[in-house]
1. Loop-only check: which trypsin sites (Lys or Arg not before Pro) in the stretch 162-222 are DSSP coil with at most 11 other Cβ within 10 angstrom?
2. What size of dipole, in debye to the nearest 20, comes out for the stretch 9-77 about its Cα centre when the only charges are +1 on Lys and Arg C-beta atoms and -1 on Asp and Glu C-beta atoms?
3. How big is the charge dipole of the chain about its Cα centre, in debye rounded to the nearest 20, if each Lys and Arg gets +1 on its Cβ and each Asp and Glu gets -1 on its Cβ?
4. Using only helices, what value at 222 nm comes out for the chain when you add -39,500 (n - 2.57) per DSSP H run of length 4 or more and divide by the total residues, to the nearest 500 deg cm²/dmol?
5. As an exercise, identify the chymotrypsin sites (Phe, Trp or Tyr not before Pro) in the stretch 515-589 lying in DSSP coil whose Cβ has no more than 16 other Cβ atoms within 10 Å.
6. Summing +1 for each Lys or Arg and -1 for each Asp or Glu, what net charge is found among the other residues whose Cβ lies under 14 Å from the Cβ of residue 585?
7. Would you please give the FRET efficiency between residue 561 and residue 272, computed as 1/(1 + (r/R0)^6) with r the Cβ-Cβ distance and R0 = 22 Å, to the nearest 0.05?
8. Give the ranking of 318, 105 by solvent-accessible surface, highest area first, calculated with a 1.4 Å probe.
Amino acid sequence: MNDYLPDDSKSTVSLDVMEKEFDGGIPNARVMINNVTVPEALEYKEKIEAVKGVSAVTWLDDSIDITQPLETIDRKTVETYYKDSTALLSVTIEEESILTAVSDIRDIIGDENSMSGSAVSTAISTESTVVEIRRIAIIAVIFVIIVLLFTTKSWFEPVIIMVGLGVALLINAGSNIIFGEISFVTNAAGTILQLAVSLDYSVFLLHRFEECRKETSDPKEAMINALCRSTSSILSSGLTTVIGFLALGLMRFKIGPDLGLALAKGVAISLISVFIFVPCLTLLTYRFLDKTNHRPLMPKFDRFGKVVSKIMIPMSVIFAIVIIPSYLASNSNDFYYGSSHIFGTETQLGSDIQKIENTFGKQDTYVILVPEGSRETEQKLSAELKSLPQVSDIISYVDTVGAEIPSSYLDEKTYSLLCSDNYSRMVVSVKADFEGKETFDLVKQVREITEKYYPEDSYVAGEGVSTYDLMETVTSDMIKVNLIAVGAVFIVLLLSLKSVTLPVILVLAIETAIWLNIALPYFMSNTVFYIAYLIISSIQLGATVDYAILMTDRYIEYRHTMPKKEAVPKTISSVAVSILTSGSVLTVVGLLLGKMTSHGLLAQLGMFIGIGAIFSLVIVFFVLPGLLYIFDGVIRKTTRKVNLVPNK
């Protein structure tokens, strides 16, 4: 998470300064050893220090003289590190060695002991998520093939669709090398999301090709007609999806650009594949399509269209009623901003976190850098920090060595841990969670106290500090990303549909589906990962506005030859298979991601995608036809060059 904070955020700047001035970074792992004496704990400390990639291990002996009886030393300080024959070590692991170092430390301490922290979370999520996503992708591909077999009229058609999509997926995955590096979240989830949101382009085209072949015996002419008739809806669908993902690229929190640019590129490549590769592949293999034709396995949706015609007006009224409550509820959720709640208690990491907190409570470590020079000022700063109830211990020159002792009395190693040429370092242990209102208030207090004594050139870093900066960054991103995404999609629809009214109707329909989706956690009293909340708005808008575009495009087409009462059921019956094909895949892929990954953020994002697709499908099938019907007269007057037949 910290890697994706803006370069100018306070905690990022603090980390950069610290890396330049000191060898050891901020502790990013906690290791709890059960049933050990002080000498045994020191042995474990020595073994962990020897692990490749571990730059520092801090324990009780770094804070006090442990040759004294522990009973004579401040109990609050001792119990920060050692309590009920249980030792808690703070470990600093170098970023490039996280995977191997975490594994080696686990081998040393065994499964009966516990470890937690951002380094452990990163290592476990990186390894487990890649395996889980691979499993999800295999199941998703099998499901897609089954769906295509049911929704197409040729056994060979799914081959064309999957080959065309597979080419786009491979090109996108390989071309991600242009970014230099991408997050493992983008690498893991990007391909499966591209599969889910791009499938409908090939489906729309081939369904049109099938219709056009009934009008002409020449396959090439049929493909030309299919492209001419479907280009508008496919291109506008694709562009809105690309724009939805590009909007993520405008986030200051850099996971947005990381995921958004890779997915936008993927959708653009999918569009190129659909317009160039898939038509060529289809014309080369259409004889196989003919030879493998079979009777439709999906029922006709004529009756479904008539049912929708009867209930669409009441559904539109319900839609109008829920718009405002769903919007207000979607903005009233409680949020997690960092990574501390990604793994639940049913996982080993979640269980370890619970065990550590049950024994030592919630703990974090802040590191403060202040200009080297005045021990008296450092003492005053330390004293005021210790007055905070959450501060349990401070390791610094004035606290560990003593302000009265000259630095010349210290060996080089000890001095380098506490001071550099320019800065003095204070390692502050706090009884606080990594995020939450109380934590954020504490971070503000620590910064204010530090700046009181050192108005310039002082720095505060730590996981809680980074999460505070992350919270401020992503919340400021929300309005910007949403407004740009919605505005850009509106402009694309305005240009492609040549209407003032239709973009308003379509965007409002899908935005309401998004609000309903995000409002669910509020009504269920669940806490939401803010990053999932931020990303889903762009993903759902870009991925499901396609259904609304296809429905509207076909409705206008039928209105050229029939009145609105007849156009509605005809539209629904003709597009139902195409929309259900894509919508069911997006739903299942999302729910698979939600149920099959132990990574809490990805699981929640998956559930948002799956449930959001269901809301979008319901609104597109049951509400949008009613809106088109009700505003038919307004659409006629506000749409350029549209010749709709008069209504009876």
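1. 214
2. Working: 8 positive and 13 negative charges, 68 e Å.
Magnitude of the dipole: close to 320 debye.
3. Numbers: 53 positive and 71 negative charges, 1187 e Å.
So the magnitude is around 5700 debye.
4. Details: 22 runs with 424 residues, N = 648.
So the calculated ellipticity at 222 nm is -22500 deg cm²/dmol.
5. Numbers: sites: 515, 522, 523, 529, 530, 533, 547, 555, 558; in loops: none.
Listed in order of number, the matching sites amount to none.
6. Working: positive: none; negative: 200, 546.
Combined, the nearby Lys, Arg, Asp and Glu give -2.
7. Details: r = 33 Å, r/R0 = 1.50.
That gives a FRET efficiency of 0.10.
8. Values: 318 90, 105 0 Å².
Result of the area sort, largest leading: 318, 105.
The values are calculated or read from the model by the stated rules, or taken from the named source; none is laboratory data. These numbers were taken from a predicted model, which means no experiment stands behind them. For neighbour counting, all protein chains shown are included, and Cβ atoms are generated from backbone atoms with ideal geometry for every residue, glycine included. The accessibility values were calculated without ligands, DNA or RNA, using every heavy atom of the protein model including side chains. Shrake-Rupley method; radii C 1.70, N 1.55, O 1.52, S 1.80 Å.
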